[in-house]
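Engineer: Take this structure first; my questions come after.
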Amino acid sequence: MDRTQLLAQVAAYVECQNSPTPESDTLSKIMSKEVSLPYPSPGVPLPTTGFNGIAEITKTARKAFPDYKLEVKQTVIDTEECRVVVLLQVTGTHTGYAG
C-alpha cells in the first residue's frame, strides 16, 4: 500500500470507531485478523489480543463512554513495511462500568 491508501485505512478505522454503533463486520473489512494489540485494556477480560480483542474493546468502550470519539493527532507511516502508528486523542463522558 502507498501512503494515501494507508491513511485511508486509518480514516476508515477512526470513522468506524466514532460511529455510535461500530460493527465487527465493518472492522473486519478495514482491519487484518492478524492485527497486533500489544497491551491489555482496562475493563476488558483477557486475552485482548488481535482482531477479537479490538472488537471487544470497542464494544466495552461504547458501554462505558457512549459518546467517545477518536481524533488523529499524528501518524507515522512506513510504506516499505506497510505499517502505520497513530497517536490518537480519545474523549468521552464516562457513564459507568463497562462490564
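None of the figures in this text is laboratory data; all of them are computed from the coordinates on show. Because the structure is a prediction, the values reported are computed rather than measured.
Engineer: Once the piece of chain linking VAL14 and GLU71 is laid out straight, how much longer is it, given 0.36 nm per residue of separation minus the C-alpha distance between them? Can you show the working numbers first?
Structural biologist: On the way: separation 57, 0.36 × 57 = 20.52 nm, distance 0.75 nm.
Length gained between VAL14 and GLU71: 19.8 nm.
Engineer: How far, in nm, would the chain grow between THR4 and LYS29 when pulled straight, counting 0.36 nm per residue and subtracting the alpha carbon separation?
Structural biologist: On the way: separation 25, 0.36 × 25 = 9.00 nm, distance 1.75 nm.
Taking THR4 through LYS29 to full extension adds about 7.3 nm, to one decimal.
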